[in-house]
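A quick write-up on the structure given underneath.
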There are 2 protein chains.
Amino acid sequence: MRLSKMLFVTLREDPAEAEIPSHKLMLRAGYIRRISSGVFAYLPLMLRVLNKVSNIVREEMNATGAQECLLPQLQPADLWQQSGRWDTYTKAEGIMFALTDRRQQEVALGPTHEEVITAVARDMVRSYRQLPTHLYQIQTKFRDEIRPRFGLMRGREFIMKDGYSFHGDMDSLRATYDDMYTAYSNVLSRCGLKFRAVEADSGAIGGSGSHEFMVLAEAGEDEVLYTEDGQYAANVEKAVSLPVDAVPSEFSECKKLETPNTSTIETMAKFLDCSPTQIVKNVLYQAVYDNGKTVLVLINIRGDQDVNDTKLQNTLTNLAANYDASTLLSLEVPAPEAQSKWAAKPLPLGYIAPDIADDYIQKQKNVASKFLRLVDNTAVDLKNFATGANEKGYHVVGANWGQEFELPELVVDVRNATAGDRAVHDPSQQIQTARGIEIGHIFQLGTKYSQAMGATYTDENGKSQPLVMGCYGIGVSRLAQAAVEQSYDKNGIIWPVAIAPYHAVVVVPNINDEAQMAAAEQLYTELNAAGVETLLDDRKERAGVKFKDSELIGIPFRVVTGRSLKEGKVEAVKRANGESVDLALDQVVSTVKQWVDEAVKSE
Amino acid sequence: MRLSKMLFVTLREDPAEAEIPSHKLMLRAGYIRRISSGVFAYLPLMLRVLNKVSNIVREEMNATGAQECLLPQLQPADLWQQSGRWDTYTKAEGIMFALTDRRQQEVALGPTHEEVITAVARDMVRSYRQLPTHLYQIQTKFRDEIRPRFGLMRGREFIMKDGYSFHGDMDSLRATYDDMYTAYSNVLSRCGLKFRAVEADSGAIGGSGSHEFMVLAEAGEDEVLYTEDGQYAANVEKAVSLPVDAVPSEFSECKKLETPNTSTIETMAKFLDCSPTQIVKNVLYQAVYDNGKTVLVLINIRGDQDVNDTKLQNTLTNLAANYDASTLLSLEVPAPEAQSKWAAKPLPLGYIAPDIADDYIQKQKNVASKFLRLVDNTAVDLKNFATGANEKGYHVVGANWGQEFELPELVVDVRNATAGDRAVHDPSQQIQTARGIEIGHIFQLGTKYSQAMGATYTDENGKSQPLVMGCYGIGVSRLAQAAVEQSYDKNGIIWPVAIAPYHAVVVVPNINDEAQMAAAEQLYTELNAAGVETLLDDRKERAGVKFKDSELIGIPFRVVTGRSLKEGKVEAVKRANGESVDLALDQVVSTVKQWVDEAVKSE
C-alpha cells in the first residue's frame, strides 16, 4: 500500500478523550476514530491488526478441531428467558442492549452466545456419536457499559472470539478445557504478549471451573495475585491465600470498655493497644433477590481482613434457594443512616457486635425480610478477641465464641486475598500482586444452560442426558490494544511483528529525487513479493514527518532510500530498539525477511 | 475436515418455514438454522461459502485501490439527524432498528453507513491532495423488515460489503463508479452467477446515477426489463420505454354517455367498443410530507398504462420544496370510502374526470391541504379521447385537451414500462422481462450527505468545497443463496466451484473396510496438500446416505473409494452433470485439481 493513496492522518497532540497511553497512541496514529461513547471506527491499519489477531486465534482454534461458524447478533428474548438470564442481563446487570422490533418482540444485541448456541445444539445434537463438538465464531459483540473507557479496552461494541463445546461427560469437557488453556496461551504468546493465566470467578456466565488470561500492564483494570514459583495465580475476585498469623490476644478477661471515637479498626486497635488480628470485625450487607426478598447479612471477619464482594456474592447466590429465589439481584452495604434507623438507639458502623442486638434485628424487619449471619474462616479460631458491643462508643474485649457470642453456623471464605499473604500450596511463598488486562476467559459450564433449555443427547445406553458444556472467549480488539499498552515508547507504538499492520515501511525522504523513488519502488515491490508486507511512504511530506509517522504507527522495520543510496546502500532501522544498519540494495529483501521470520518465531 | 468430527446434520424433509428452493436446500443441507424471523445461524459449511464470496469481493475491491476498514454497527442518532434521514429510516420507512441506551441516547443498528463514513471523512479529509479515497467494509447489517422471508434473501440480519468513495468532482466520481461497475461484474462472474446490470432508482439512498446488479432467477423479487441486443436493461422501478401506439379515436364529437357498471378500463372499453389506448385514466393518490402536509394528486395517464409508484414517488419528492417539505413520508391511493366522502354525491373510482369536479376539490380540503394535477407523457397527445365524467355511471367521449379539459402544466413520466413495449434506443427492439434478485447496487451520491453534514475539503485554489461521494453495496449472504437459487437439481445444491464450501469430498462407502479407509485417508491428505479443499466422509453411515448427503450439500467433485479399488481405481463424479470416471489412484489428485482450476477459471 502506498501511503499517498491511503486515508492516513496522524495527530500531533494527544486527544483529550484518551486516558491511557495505548488509547492515545491508537487515536494519534490513525488506527481508530471515536464515533460515539465506547464505539469506534477501525481504520484500514487497525483492521489489518485485527485480522492478524483473528487469524492467529483461528489457526489455534482450528488446530484443536473446533469449527468456525457465525451466530446472529440479534437474539430473541425468549431464549434468554429460557436460560433465566433475561432479567439479569437487561435489568440487574443491565449490560445488554435490548430493543423492541416492529412486531413488538423483544430482541437483544448479543454480548455472549450461550443461549443461541444451546438452542442450535438442542436442535442438532441427538446422539453421543456427535460428541464432543466445538463451535466458535469471531464477531462483534455489544455491551451497554456503565462507563465505556480506555478506547477498545472497555467499549460498547467490540470484537471477540467466543467458542462453545458440547460433551457427554465432565472428563471430555476437561480435556477440551485443557486444550483451550493451551490454545489461548499459544495465541497470547504468538501475539507477542506477556501474560498470566489465573484462576477466576465464573461470574454471570456460571459453571464450575474458570481461568482468565491476563495481559500484564500498569493500566490494567484487574488485580492479579500470584507466587514467584509460578505455581499459583488467580484474579483478586477468586484468589485464596493464608493470611498472616493472628497475634495471640492479651485480653484475659471479658469486659465491656468505653472506647470513644473508635469506629474504625485502626482507631480501635490504637485505643485498645492491640493488633487488628485480635479483633472480630462485623460488616453488614443488604442482599436483594429476584423474588423481591431482602436479606440483611452480618459477616464476622478478622479485623485486618476485608470482605471480597465477589466471593460474598457467590456465597449468597448459592444460598438463593434458601430464600425461594434463583438469582441475587443486588448486594450493597446499607447506608449508615439507614442502619441507625433500625436500632432503638442509633448504632453507627464500628460498634456492631458479632450477633447484633435483638432490637436491631427486630427493627431491620422494616427493610429486610430475613437476617443471616456468616463467619469468615479468619475469625473462627480467634480467642479472647475484641469486638463491638452493640452500643455507640463501646467495645468488648476478651470475648470468645460459645461464651459471649454464638459462632454462626455458616463458616465461609469471603476474605480478600492480598499481597503479602502466604500461598496455600506452599506457605513459604508470598503472594505477589500485578495489574492485568483480562483478554481471555475460559469456563467449565457443566449443564447449567443445557438443563435450563432442555438440550439433551441420547447416551450409549439410550438414555437422555443433558449436554455438558464449556465456553471460551478471547477479546480480539481488546488484545490488539493491550499489545500497544505493553509495547510503546515516547515516539509511538512498537507493534509485535506478528500482529503489526505491516512488517516494513519504505520511506522516501525526497520523492522528487528520481534515484530515491526508483530504488524505493523496486524495494517496495520486491519486499511485498517476498511476503514482507510493506508500505511505501511516497507522500509529498518532509522526511522528518515521514520518520516521525513511521515511529508513531509502529511499523517494525523501516527502510530509508536516503543519503547512502549513492553508495548503493539504504538504511534499515528496527523500531523496537532503534538499531540501524546500512544494507546493500540487493541484501535488503533477504535481511528484512529474515528479521520478520525470526521475530514472529520468537514472539 | 472429517464429517465424523463436524456438527453436520441433514434433513430428509423440506422444512415448513421455507418457500423457495434455495431456502429449503440450505436448511436441509445443514448450512443455516433459523434463530428467529429473518435471523439465521451460519453453520460451518455456510461460513466457508460466505468467506469465499467475501474474499472474491475483497480481491476485486482491493484491485481498484479501495481500502478495507470496519465501521461501527451502533450508530448515534445525531449523525442521522444531521443527514436528515433519522425520521425516514426509523418512522416513515421504519426499516432501521433503534434503541435507547442506558444514558437515554438514541442509537440505531446500521442498515447502511453513509452517515458514519461521512462523519469520518469530515474529520479526516482536509485537502484535495487526499482525494479520491475509497473505504469499504464487509459487515453484518440490520433491517427491521416488514416481511422477512426466503431465508438469507430478505433477512433482518445479513452480511454486506458496503463502500464509500470521496472525490473532488463528478468526473473523479464517475471514474470510480465505472471501476465499481466493472468490479461488481467481476465479482458476480467469478462467483459463477448469471446476472444483468440494470439502471436503477436511487431510492432512500439518494443521488443521481445508480445501477443494480440482478442475479437472474425465477424466485427473484424484482422485475428486470431488457432488450435482446444487450443495449438496455433497467429494473421496473426505473425502466423507460416507448408504449405501443395509440389506436386513433373514432369519437368525432364530444358527448357525455350513460355507461353503467364501467368502473374499470376493461369494462369501459368494452362498453364503448374502443381501445384502452383511446382512454384517459385518472388516478388519485394521497401524498404526506414530513411537515405534515397532505397533497391530493390526480394523474392523467393513458388507459392501457399503469402508474409506477417509484417514479411517482421520485416526482413528488422532487416537488417537496413546493410544499415547504423536505421528504415524502408516504404515498397511497386513498381508500374508495374516503374518496366518496369528499364529494357532494359519492364518486366511485372509475368515473373521475381529468380535472375532477370543483366540489370534490373543495371537499377534499377536509383531508388534504393541497391539490396537484400531473399528466403522464402517454396521455398528452391523445385526441378525441374517452374519460370519466365526474359522475357515477357516466363517461365522456370525444374529449380534447384545451377544449373540454385543461392539460395539466406538469407533464411527467410516471408510467410502468412493461414487456412488449419498444426500446427507446431502438424502437425495433422489444422490451423483454425477467425475474431478478438484487445483489449489488452502486450509486453516484454527489454532495447529498457531505452538504447536509458539512463534510468539505479545500480545493487547489484554497476554497472549501463539499466532498463528492459515491457508494457501492453488494449483499454477501444474499449472493450466496442466490447462487443456490440459480444452481440446484432435485438431489440438492450444485455450488459454483469458486464459492463451494469445499471443492471435493472423499466418500468411504464402508469404513470397516481397511483398504477403503487407507486409500481415502491418503487421498484426503494429498488432495488437501495440493490445495483441493477436501472433506472426508468417514461417518458410520450407509454408503447410500453418504452419496445422498454429498449431492445435497453440493460439493462439486466426489471421489469414492469403492468397488473399483481392487483394480487400483476410484470413482470420481462431477456434481454438476453426474459425469463419472474411474481414475487410477495416482491420477486422482492431478485430475481433480485440474477440474477445480478449470472450473474456477471459466466461472
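The values are calculated or read from the model by the stated rules, or taken from the named source; none is laboratory data. Only a predicted model underlies this, so the values are computations on that prediction, with no experimental measurement involved. Quick reminder, even Gly has a Cβ in these numbers, built from the backbone with ideal geometry, and neighbours come from all protein chains shown.
Scanning the stretch B:369-381 for residues that are modelled with pLDDT of 70 or more, touching a Leu at 6+ places or on another chain (Cβ under 9 Å), among the hydroxyl-bearing types (Ser, Thr, Tyr) and closer than 27 Å to B:Ala269 by Cβ turns up nothing. Got at least one residue in the stretch A:229-236 being touching a helix residue (DSSP H, G or I) at 6+ places or on another chain (Cβ under 8 Å) and either in the same structural domain as A:Trp401 (by TED's automatic domain parsing) or not in a loop (DSSP other than H, G, I, E, B) (or both)? The answer is no, given that none of the residues of the stretch A:229-236 is touching a helix residue (DSSP H, G or I) at 6+ places or on another chain (Cβ under 8 Å) and either in the same structural domain as A:Trp401 (by TED's automatic domain parsing) or not in a loop (DSSP other than H, G, I, E, B) (or both).
With more than 32 Å from the chain's Cα centre (by Cα) and at pLDDT 95 or above as the only criterion, which of B:Gln278, B:Gln305 stands out? Going through B:Gln278, B:Gln305 in turn, the sole match is B:Gln278. Of the residues screened, A:Phe158 is one that is assigned to a strand (DSSP E or B), under 26 Å from B:Leu71 (Cβ atoms) and within 19 Å of the chain's Cα centre (by Cα). If you filter the stretch B:84-93 down to residues that are touching a Ser or Thr at 6+ places or on another chain (Cβ under 9 Å) and surrounded by fewer than 20 Cβ atoms within 10 Å (Cβ to Cβ), you find that the one that is farthest from A:Thr100 (Cα to Cα) is B:Gly84. Among the residues of the stretch B:524-551, those identified as in a helix (DSSP H, G or I) and within 14 Å of B:Val573 (Cβ to Cβ) are B:Ala543, B:Lys546, B:Phe547, B:Lys548, B:Asp549, B:Ser550, B:Glu551.
Looking at (1) over 41 Å from the mean Cα position of the chain (by Cα); (2) surrounded by 23 or more Cβ atoms within 10 Å (Cβ to Cβ); (3) aliphatic (A, V, I, L, M), which is the only condition A:Ala584 fails? Condition not satisfied by A:Ala584: (2). Selection over the stretch B:157-193 of residues that are surrounded by fewer than 24 Cβ atoms within 10 Å (Cβ to Cβ) and among the basic types (Lys, Arg) gives a count of 2. Candidates in the stretch A:545-576 are the residues that are among the acidic types (Asp, Glu) and in contact (Cβ under 8 Å) with a residue 60 or more places away in the chain; of these, the one that is surrounded by the fewest Cβ atoms within 10 Å (Cβ to Cβ) is A:Glu551. Might you let me know whether the stretch A:70-91 holds any residue that is within 7 Å of chain B (Cβ to nearest Cβ), within 30 Å of B:Lys540 (Cα to Cα) and part of a strand (DSSP E or B)? Scanning the stretch A:70-91 turns up at least one residue that is within 7 Å of chain B (Cβ to nearest Cβ), within 30 Å of B:Lys540 (Cα to Cα) and part of a strand (DSSP E or B).
Would you tally the residues in the stretch B:102-121 being buried (at least 19 other Cβ atoms within 10 Å of the Cβ) and either assigned to a helix (DSSP H, G or I) or facing chain A (nearest Cβ under 9 Å) (or both)? Spell out the reasoning first.
Residues of the stretch B:102-121 that are buried (at least 19 other Cβ atoms within 10 Å of the Cβ), as a first pass: B:107-121.
With the extra rule that they be either assigned to a helix (DSSP H, G or I) or facing chain A (nearest Cβ under 9 Å) (or both), the set shrinks to B:107, B:109, B:114-121.
Of the residues in that region, 10 qualify.
Cβ-Cβ contacts under 8 Å between residues 6 or more apart (or on different chains), taken from a first residue in the stretch B:37-64 that is facing chain A (nearest Cβ under 9 Å) and closer than 16 Å to B:Gly475 by Cβ to a second residue that is of a type in the set (Val, Ile, Thr) and assigned to a helix (DSSP H, G or I), are listed as B:Leu50/B:Val476. Output the number of the condition that B:Ala417 fails; it satisfies all remaining conditions of (1) part of a loop (DSSP other than H, G, I, E, B); (2) under 30 Å from B:Ser83 (Cα atoms); (3) under 23 Å from the mean Cα position of the chain (by Cα). That leaves (2) as the condition not met.
Scanning the stretch B:534-544 for residues that are in contact (Cβ under 8 Å) with a residue 40 or more places away in the chain and out of contact with any Ser or Thr (no Cβ under 7 Å at 6 or more places or on another chain) yields B:Leu535, B:Leu536, B:Lys540. Pairs are defined by a Cβ separation below 9 Å, a sequence spacing of at least 6 or placement on different chains, a first member in the stretch B:400-411 that is in contact (Cβ under 8 Å) with a residue 24 or more places away in the chain, and a second member that is among the small types (Gly, Ala, Ser) and assigned to a strand (DSSP E or B); the pairs so defined are B:Glu404/B:Gly398; B:Phe405/B:Ala399.
Evaluating A:Ile511 against the criteria (1) among the β-branched types (Val, Ile, Thr); (2) within 14 Å of another protein chain (Cβ to nearest Cβ); (3) under 15 Å from A:Arg558 (Cβ atoms) leaves one unmet condition, (3).
Quick check on the stretch B:19-45: of everything there that is part of a helix (DSSP H, G or I) and either within 22 Å of the chain's Cα centre (by Cα) or assigned by TED's automatic domain parsing to the domain that holds B:Pro556 (or both), which residue is nearest to B:Glu145 (Cα to Cα)?
Going residue by residue through the stretch B:19-45, those that are part of a helix (DSSP H, G or I) are B:21-28, B:44-45.
After this cut, where a residue has to be either within 22 Å of the chain's Cα centre (by Cα) or assigned by TED's automatic domain parsing to the domain that holds B:Pro556 (or both) as well, the list is B:21-26.
Details: B:Pro21: 21, B:Ser22: 20, B:His23: 17, B:Lys24: 20, B:Leu25: 23, B:Met26: 21 Å.
Among residues in the stretch B:19-45 that are part of a helix (DSSP H, G or I) and either within 22 Å of the chain's Cα centre (by Cα) or assigned by TED's automatic domain parsing to the domain that holds B:Pro556 (or both), the one nearest to B:Glu145 (Cα to Cα) is B:His23.
Residue-wise test of (1) under 23 Å from A:Asn235 (Cα atoms); (2) buried (at least 20 other Cβ atoms within 10 Å of the Cβ).
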residue	(1), (2)
A:Met268	no, yes
A:Phe271	no, no
A:Ser275	no, no
A:Ile279	no, yes
A:Ala287	no, yes
A:Lys293	no, no
A:Ile301	yes, yes
A:Gln305	yes, yes
A:Lys311	yes, yes
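The single condition from (1) among the aliphatic types (A, V, I, L, M); (2) facing another protein chain (nearest Cβ under 8 Å); (3) more than 26 Å from A:Asn186 (Cβ to Cβ); (4) in contact (Cβ under 8 Å) with a residue 40 or more places away in the chain that A:Leu3 fails is (2). Can you name the residue in the stretch B:137-149 that is among the basic types (Lys, Arg) and assigned to a strand (DSSP E or B) and is also surrounded by the fewest Cβ atoms within 10 Å (Cβ to Cβ) among such residues? Looking at the filtered set, the residue picked out is B:Arg149.
For the stretch A:129-136, the criterion of being in contact (Cβ under 8 Å) with a residue 12 or more places away in the chain, in contact with a strand residue (DSSP E or B) (Cβ under 8 Å, 6 or more places away or on another chain) and in a helix (DSSP H, G or I) is met by at least one residue. Can you spot a residue in the stretch A:15-31 that is surrounded by fewer than 17 Cβ atoms within 10 Å (Cβ to Cβ) and in contact (Cβ under 8 Å) with a residue 60 or more places away in the chain? Checked against the condition, which is being surrounded by fewer than 17 Cβ atoms within 10 Å (Cβ to Cβ) and in contact (Cβ under 8 Å) with a residue 60 or more places away in the chain, the stretch A:15-31 yields at least one hit. Among the residues of the stretch A:425-473, those identified as more than 23 Å from A:Glu68 (Cα to Cα) and small (Gly, Ala, Ser) are A:Ser428, A:Ala434, A:Gly436, A:Ala452, A:Gly454, A:Gly462, A:Ser464.
Return the residue satisfying two criteria in turn: it lies in the stretch A:509-520 and is in contact (Cβ under 8 Å) with a residue 12 or more places away in the chain and surrounded by fewer than 24 Cβ atoms within 10 Å (Cβ to Cβ), and of such residues it is nearest to the chain's Cα centre (by Cα). So that I can check it myself, show each step before the final result.
The initial filter retains those residues of the stretch A:509-520 that are in contact (Cβ under 8 Å) with a residue 12 or more places away in the chain, namely A:509-511, A:515-517, A:519-520.
Checking which are surrounded by fewer than 24 Cβ atoms within 10 Å (Cβ to Cβ) leaves us with A:509-511, A:515-517, A:519.
Numbers: A:Pro509: 44, A:Asn510: 47, A:Ile511: 47, A:Ala515: 52, A:Gln516: 48, A:Met517: 47, A:Ala519: 47 Å.
Per the criteria, the residue is A:Pro509.
The requirement of being assigned to a loop (DSSP other than H, G, I, E, B) and β-branched (Val, Ile, Thr) is not satisfied by A:Ile474. Just to be sure, is B:Asp201 part of a loop (DSSP other than H, G, I, E, B) and either modelled with pLDDT of 95 or more or away from chain A (no Cβ under 14 Å) (or both)? Here the answer is yes, as B:Asp201 does meet what is asked. Of all residues in the stretch B:11-34, at least one satisfies being out of contact with any strand residue (DSSP E or B) (no Cβ under 8 Å at 6 or more places or on another chain) and within 9 Å of chain A (Cβ to nearest Cβ).
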